[in-house]
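Take a look at the structure set out below.
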Amino acid sequence: MDRMPRPGEPAPRFDGVTGDGTHVRLEDYRGRTLVLYFYPKDDTPGCTKQACSLRDHATELAAAGVEVLGVSTQDERSHQAFTRKYHLNFPLLADTDGTVGRAYGTLGGAGVLDRIKTAVGAAKRVTFIIDERGRISHVIDKPDVKNHAAEVLALL
């Protein structure tokens, strides 16, 4: 996909492995709300703030019936270290070949900067809220990393 899916559209299907080796698919989240968030790289300042915001509000997110899945192009080993270091309480999908990022329009693009970021495997920072039927309900294309959980909760 050359563009990001929009609210009301079906979420692109995905299939991958998380940092703990668990195989996950979009279908696994059917019947629940999924916060699928793409971020550039493990253990960088903005990405850490964003992950920790979601971690710190896990109780409120769970009470709202939300599951969280982070996605970046780092491998399982990198995700394991990031999860361990910051005690993350949600899985991180290892999109090492960029298939999921391209499907959601967070990798790729026509601009020079987009091509450079894609070449180094840095996805755009975008969050998709996917409803229980597998449709995009909200897109947060410029997340406030420090207050990301509050942004998500405000949209539910």
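All of the numbers you see were taken from the coordinates with simple rules; none came from a lab. Note that this is a predicted model, so its numbers are computed, not measured. Backbone-built Cβ (ideal geometry, glycine too); neighbour counts: all protein chains shown.
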Item to complete: At a Cα cut-off below 12 Å, give the aspartates and glutamates reachable from Lys124, other chains included and same-chain residues fewer than 8 away excluded.
Response: Asp114, Asp141
Worksheet item: Peptides 84-91, 123-130, 63-70: what's the order by average Cβ count within 10 Å, highest mean first?
Response: 123-130, 63-70, 84-91
Fill in: Charge dipole (debye, nearest 20) of the chain; +1 at Cβ of Lys and Arg, -1 at Cβ of Asp and Glu
300 debye
